[in-house]
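The values are calculated or read from the model by the stated rules, or taken from the named source; none is laboratory data. Everything quoted here is computed from the prediction, not taken from an experiment. So basically every Cβ, Gly included, is an ideal-geometry build from the backbone, and we count neighbours across all protein chains shown. Just the protein is used for accessible areas: all its heavy atoms, side chains included, with ligands, DNA and RNA removed. Shrake-Rupley method; radii C 1.70, N 1.55, O 1.52, S 1.80 Å.
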Amino acid sequence: MHSGGRLWRCRWHRDGRRLDRRRGRPRLSCGARPEFRRPGQRATVRGPMRLSQILISTLRDDPADAEIPSHKLLARAGLIVKTAAGVYTFAPLMWRVVKKFAQIVRDELDAEGANEVMLPIIQPKELWQQSGRWDRYVRDGIMFTLKDRKGSDMCLGPTHEEVMTAYVNAQVNSYKQMPVNCYQIQDKFRDEIRPRFGLMRGREFLMMDAYSFDADQAGLDVAYQKMRAAYCRIFERCGLQYTVVQADSGAIGGAGSEEFMVIADSGEDSILYCQDSGYAANVEKATSVLPVAPAGGEPRPMQKIATPGVKTVAQLEAFFPGWVAGRMAKTVLYHVTWKDKEKVVAVMMRGDLEINEVKLANAVDALAVRLATDEEIKAATGADTGFAGPVGLRDDVPLLADESLKDRTNLLVGCNETGFHCLDVNLGRDCRMPSWKELRLARAGEGCPVSGKPLQQARGIEVGHIFKLGTKYSKAMQATFMDQGGKPTPFVMGCYGIGVSRTPAAAVEQNFDDKGIVWPPAIAPFECVVAMLDGKREEQQALAEKLYGELRSAGVDVCLDDRAMSPGAKFKDNELLGFPVQVFVGRKAAEGQVEFLVRRGMQKSECAAGEVRARVLAALGR
RNA sequence: CGGGCCGUAGCGCAGUUUGGUAGCGCGACUGGUUUGGGACCAGUAGGUCGGAGGUUCAAAUCCUCUCGGCCCGACCA
């Protein structure tokens with residue numbers, strides 16, 4: 001399919017001027033003026049400021065493959081163009097957005113003393129073997145790998161712990177050189193199972209990744225808090241509604257971690273939170289107050305009952321009136337993979353609750369867990385799927401149980417025989433005592449672990465993630481420094497990521513209406529557009545140019561829409577593109593009147609030319 | 001990885017059931033008329049129907065294979 005368009009196609013401008021192909025860029029009708037901007041004030045990006053000189057191609061229809069608002073709008077506005085599944089070209093205006101966001105990130109990280117560096121995308125296998133991640137990432141298919149002409153294995157960096165650790169290890173030899181925090185803003189590559197939602201889950205994407213190196217845990221705690229504070233400032237400056245949640249540290253590994261979530265219906269992550277206590281956590285990590293279930297009473301003798309065809313908790317409730325799910329224990333068989341072995345294990349959970357596979361993987365320190373197949377279940381239990389249980393379970397199948405089953409009596413369980421279940425089972429008496437773990441999936445409505453009030457659920461887009469890695473990578477890679485006592489000591493590390501291309505998409509997800517994008521001013525491609533509605537009328541052109549110049553010298557990131565389009569088309573186009581403040585110079589130009597639009601809320605009003613500057617500044621909150 | 005659906009002009013789609021001259025809207029280009037909510041008239045260009053093989057007098061259409069894309073699911077016993 002060529003929905004991405006013919007890439008070689010000669011481009012034309014809206015106003016009919018053809019690109020000068022020899023020079024490879026548009027002929028300029030007039031030179032761009034130099035910009036005057038005090039550094040460090042606001043994130044601004046230089047470039048041509050006349051829309052007639054900027055490649056813009058908006059579409060009338062949503063692209064067929066877009067599902068969520070940000071993807072539809074970014075594609076329809078021509079801001080992103082798909083090159084391959086999960087791989088996008090950023091149009092000039094979108095690149096301005098990304099650069100502005102990146103600049104905000106830089107400002108805030110630099111303010112905390114972080115160093116920007118640039119690490120290679122192409123990385124050698126050896127580095128990844130040192131940390132032990134090569135096999136895992138290759139097996140999980142996350143990583144793009146390639147061979148060079150000598151046959152050496154390389155990969156396209158999905159993340160940069162290894163390279164950064166190796167780099168800092170080579171440069172830092174003494175505790176006196178710390179703390180150190182280095183970051184980069186760089187393309188990352190992950191061969192996602194299912195790229196989707198435009199920039200949200202791509203296979204190539206821009207990411208800021210920072211790594212802190214400290215001599216001890218206390219140093220890491222300080223570094224972590226600094227980064228946390230910087231992250232808050234970054235997302236606040238972008239005007240995003242976000243929340244910080246406790247998270248599982250996942251494939252990266254390490255101890256504590258928090259995620260920065262932009263709240264949006266289309267978010268891929270589910271979070272549980274409590275407004276009373278401020279508790280917020282990714283569902284993978286969340287805990288809750290254990291819901292009550294009826295007690296089992298004094299232990300009774302176990303009995304085995306024929307239950308032909310009854311395989312699920314719901315079916316058992318129907319089959320045994322009076323036995324509620326809370327008095328059952330389901331036994332789910334998982335195929336677990338460790339670094340050096342794989343095995344099927346049995347996991348017990350109270351019948352009315354669910355297993356959290358992330359917690360399971362962590363509890364058994366596994367690389368991966370998945371539900372066992374029907375064949376694996378048959379092999380491990382001797383029974384068909386639906387009848388697994390602790391009673392009579394083969395000794396070589398490890399038995400785990402969630403703490404919700406601790407001290408529970410007279411349970412209803414499977415007994416590894418097709419067509420039978422057991423009643424009044426007491427763990428440790430009728431079967432092995434399982435090893436107890438916390439494996440339960442917390443759910444909305446259950447009590448907040450802090451306040452006890454019901455937990456609320458929301459969807460979130462993960463735009464940032466901070467981890468306390470500790471010595472996981474430095475130990476594995478033997479990255480050490482000399483401590484005060486002259487002993488080689490592994491670095492205590494933190495790592496911190498921000499989705500630099502994802503965040504602007506998340507911003508759109510939170511800021512749009514039926515007319516198009518409503519960019520937050522801090523990352524809008526331009527803060528303001530001055531549009532002449534009929535460029536052939538001299539008074540319009542002159543007034544537009546004048547206002548454009550005034551706004552520029554007032555420090556506004558403004559562009560001049562001098563494209564030759566009909567007025568209606570120009571309104572629609574600018575609304576779709578979403579510039580926060582829009583000034584239209586039209587038929588009342590001769591009287592010194594223009595039209596003033598604040599994109600958010602679409603408030604439109606007439607305005608004297610002399611007041612434009614003040615009103616634009618006010619609308620931008622200056 | 002499993003299931004479903006889709007590949008026809010730059011974009012959005014019809015045509016496939018029942019084989020018979022490749023279509024529509026938008027966009028693009030030329031000329032003209034327009035100029036306040038994606039203008040109008042006239043004309044023009046643009047497609048080996050994702051690819052390969054097969055069946056047939058004849059294939060976008062039927063068959064086989066293949067490549068690409070999209071969606072859903074990824075299992076609670």
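So, of the residues in the range A:576-593 that are within 8 Å of RNA strand B (Cβ to nearest atom) and part of a helix (DSSP H, G or I), which turns out to be surrounded by the fewest Cβ atoms within 10 Å (Cβ to Cβ)?
Restricting to residues being within 8 Å of RNA strand B (Cβ to nearest atom) and part of a helix (DSSP H, G or I), the top hit is A:L576.
Applying the selection to the range A:153-173, what residues are open to solvent by 30 Å² or more (accessible area, probe 1.4 Å) and not acidic (D, E)?
Hits for the range A:153-173 are A:M154, A:L156, A:A166, A:Y167, A:N169, A:A170, A:Q171, A:N173.
Within the range A:442-494, how many residues turn out to be touching a residue at least 12 places away in the same chain (Cβ under 8 Å), more than 29 Å from A:C232 (Cα to Cα), assigned to a strand (DSSP E or B) and open to solvent by 70 Å² or more (accessible area, probe 1.4 Å)?
Final tally of qualifying residues: 1.
Results for (1) touching a residue at least 40 places away in the same chain (Cβ under 8 Å); (2) crowded, with 19+ Cβ neighbours inside 10 Å, shown as yes or no for each residue.
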residue: A:G322; (1), (2): no, no
residue: A:A329; (1), (2): yes, yes
residue: A:L333; (1), (2): yes, yes
residue: A:V336; (1), (2): no, yes
residue: A:E342; (1), (2): no, no
residue: A:N356; (1), (2): yes, yes
residue: A:A361; (1), (2): no, yes
residue: A:A368; (1), (2): yes, no
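Looking at (1) among the charged types (D, E, K, R); (2) more than 24 Å from A:E259 (Cα to Cα); (3) out of contact with any Leu (no Cβ under 8 Å at 6 or more places or on another chain), find the lone condition where A:K472 falls short.
(2)
Does the range A:564-575 include one or more residues that are touching a Ser or Thr at 6+ places or on another chain (Cβ under 7 Å) and near RNA strand B (Cβ under 9 Å from one of its atoms)?
Yes: the range A:564-575 contains one or more residues that are touching a Ser or Thr at 6+ places or on another chain (Cβ under 7 Å) and near RNA strand B (Cβ under 9 Å from one of its atoms).
State which residue is most open to solvent (accessible area, probe 1.4 Å) when the search covers only the range A:85-116 and only residues that are part of a strand (DSSP E or B) and touching an Asp or Glu at 6+ places or on another chain (Cβ under 9 Å).
Here the answer is A:E116.
Do we have A:G497 as in contact with a strand residue (DSSP E or B) (Cβ under 8 Å, 6 or more places away or on another chain) and either closer than 30 Å to A:Y242 by Cα or within 16 Å of RNA strand B (Cβ to nearest atom) (or both) here?
It is true that A:G497 is in contact with a strand residue (DSSP E or B) (Cβ under 8 Å, 6 or more places away or on another chain) and either closer than 30 Å to A:Y242 by Cα or within 16 Å of RNA strand B (Cβ to nearest atom) (or both).
If you go through the range A:66-77 one residue at a time, do you hit one that is surrounded by fewer than 22 Cβ atoms within 10 Å (Cβ to Cβ), within 23 Å of A:G497 (Cβ to Cβ), away from RNA strand B (no atom under 16 Å from the Cβ) and not basic (K, R)?
no
Identify, from the list A:L423, A:L393, the residue that is assigned to a strand (DSSP E or B), open to solvent by less than 20 Å² (accessible area, probe 1.4 Å) and of a type in the set (A, V, I, L, M, F, W, C).
Matching residue, one of A:L423, A:L393: A:L423.
So that you can scan it fast, the table gives a plain yes or no per residue for (1) touching a Gly at 6+ places or on another chain (Cβ under 9 Å); (2) open to solvent by less than 70 Å² (accessible area, probe 1.4 Å):
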| position | (1), (2) |
| --- | --- |
| A:Q241 | no, no |
| A:Q246 | yes, no |
| A:M261 | yes, yes |
| A:E268 | yes, yes |
| A:Y273 | no, yes |
| A:V292 | yes, no |
| A:T307 | yes, yes |
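Across the range A:399-420, what is the total count of residues that are assigned to a loop (DSSP other than H, G, I, E, B) and open to solvent by 40 Å² or more (accessible area, probe 1.4 Å)?
5
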